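The values are calculated or read from the model by the stated rules, or taken from the named source; none is laboratory data. Note that the structure is a prediction, hence the values are computed from the model and not measured. Neighbour counts are summed over all protein chains in view; Cβ atoms, including those assigned to glycine, are modelled from backbone coordinates with ideal geometry.
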Ligand code: NAP
């Protein structure tokens, strides 16, 4: 007689697997984040780091469904490359030009989405509930991959104008040409001027991160009450946020964006909408 509780007989194929694809990937906080949710909701699934070299990306993606993977997050340096390998790309991932969440469908097709902009807005809505996107222009410092997601989500949320300044001006010009006339480009040397009369300011550069240079844009033109947020979350309280707060601004750190961007993927893969709360923050920070 067979014993159904025998782990040898457990159909492993029914235990969903997910992970994060990157190179390197050991630093990623995603396994800890998703691992917490799996435990909290009692889900029999696993989420693992998947170190994959760029030259092995296509082969790895093709193999994952056969190994029981239902989806993956994608991080540096694969976020752009996966778009060309996906069968279905959401409009927002196509507009941003990068994907961070893949669903490996049972029909073998790869569905690519970008949830960074969703995570960015969800973080502001949770931690600055009085913030009104339509209350004035927003300024975005930086024009890299994350800035593209931020600009797309701000426009989508109803911000009337998004001002951008980036060290390499052409990247900001590119965003303007792709995202339309509500985007206004400022010269990097004039970045301080774009802060005049804004309701929201975002540091979307890597400046201010531990081990990187300082963000030197003067914040004198910021009005008290402006919402300031930073994508950098190491340290959690960046010099940019500290200075903005000193000027009477409301501040929101970047960790919440990381937590919220993970939620749609978890829900699709494991069938449970997860909660972003203080317990999760503590686990990810530990
Ligand atoms: P990226 O594509 O490499 O862009 C980096 C940005 O920083 C560019 O605008 C770049 O300007 C600017 N920059 C770098 N060094 C600079 C310097 N010395 N002087 C002036 N500007 C400089 O990176 P990304 O993916 O957009 O990420 C940007 C930051 O957001 C990173 O710190 C990342 O960790 C963080 N992030 C956080 C979350 C979250 O969930 N909180 C999500 C995504 C990203 P140039 O174009 O001139 O090089």
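Residue-level check: of (1) surrounded by 15 or more Cβ atoms within 10 Å (Cβ to Cβ); (2) within 12 Å of the ligand (Cβ to nearest atom); (3) within 17 Å of residue 207 (Cβ to Cβ), residue 168 misses just (1). The combined condition, being surrounded by fewer than 22 Cβ atoms within 10 Å (Cβ to Cβ), assigned by TED's automatic domain parsing to the domain that holds residue 181 and within 19 Å of the chain's Cα centre (by Cα), is fulfilled by residue 121.
For residues that are closer than 14 Å to residue 112 by Cα and more than 16 Å from the ligand (Cβ to nearest atom), scanning just segment 63-82, find the one that is surrounded by the fewest Cβ atoms within 10 Å (Cβ to Cβ).
Initial filter on segment 63-82 (closer than 14 Å to residue 112 by Cα): 70-75, 78-82.
Then keep just the ones that are more than 16 Å from the ligand (Cβ to nearest atom); that gives 70-72.
Values: 70: 20, 71: 24, 72: 30.
Out of the qualifying residues, it is 70.
Only one of the numbered conditions (1) assigned to a helix (DSSP H, G or I); (2) within 11 Å of the ligand (Cβ to nearest atom); (3) more than 18 Å from residue 116 (Cβ to Cβ) is not met by residue 212, and that is (1). Here 54, 24 are screened, and the one residue that is within 29 Å of residue 282 (Cα to Cα) and either within 21 Å of the chain's Cα centre (by Cα) or at pLDDT 95 or above (or both) is 24. Summed over segment 83-103, residues that are touching a strand residue (DSSP E or B) at 6+ places or on another chain (Cβ under 6 Å) and surrounded by 23 or more Cβ atoms within 10 Å (Cβ to Cβ) total 5. Screening residue 84 on (1) part of a strand (DSSP E or B); (2) farther than 22 Å from residue 153 by Cα shows it passes everything except condition (1).
Okay, residues lined up against (1) free of Cβ contacts under 8 Å to residues at least 60 places away in the same chain; (2) within 11 Å of the ligand (Cβ to nearest atom); (3) more than 22 Å from residue 136 (Cα to Cα):
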residue	(1), (2), (3)
176	yes, no, no
192	yes, no, no
199	no, no, no
227	no, no, no
231	no, yes, no
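Within segment 233-251, restricting attention to residues that are buried (at least 22 other Cβ atoms within 10 Å of the Cβ) and within 12 Å of the ligand (Cβ to nearest atom), the residue that is nearest to residue 102 (Cα to Cα) is 238. Residue by residue through segment 215-225, note down the ones that are surrounded by 12 or more Cβ atoms within 10 Å (Cβ to Cβ) and within 12 Å of the ligand (Cβ to nearest atom). Result: 215, 217. Taking residue 163, is it within 16 Å of the ligand (Cβ to nearest atom), touching a helix residue (DSSP H, G or I) at 6+ places or on another chain (Cβ under 7 Å) and part of a loop (DSSP other than H, G, I, E, B)? Here the answer is no, as residue 163 does not meet what is asked. Residue 145 meets the conditions (1) within 11 Å of the ligand (Cβ to nearest atom); (2) surrounded by 14 or more Cβ atoms within 10 Å (Cβ to Cβ); (3) modelled with pLDDT of 95 or more; (4) farther than 24 Å from residue 250 by Cα in every case but one. The failed one is (3).
Yes or no, residue by residue, for (1) free of Cβ contacts under 8 Å to residues at least 24 places away in the same chain; (2) out of contact with any helix residue (DSSP H, G or I) (no Cβ under 6 Å at 6 or more places or on another chain); (3) not assigned by TED's automatic domain parsing to the domain that holds residue 277:
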site	(1), (2), (3)
169	yes, yes, yes
185	yes, no, yes
217	no, no, yes
238	no, yes, yes
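Restricting the first member to segment 248-275 and to residues that are touching a residue at least 60 places away in the same chain (Cβ under 8 Å), and the second to residues that are more than 16 Å from the ligand (Cβ to nearest atom) and in a helix (DSSP H, G or I), the beta-carbon pairs closer than 6 Å and six or more apart or on different chains are 266/37; 274/37.
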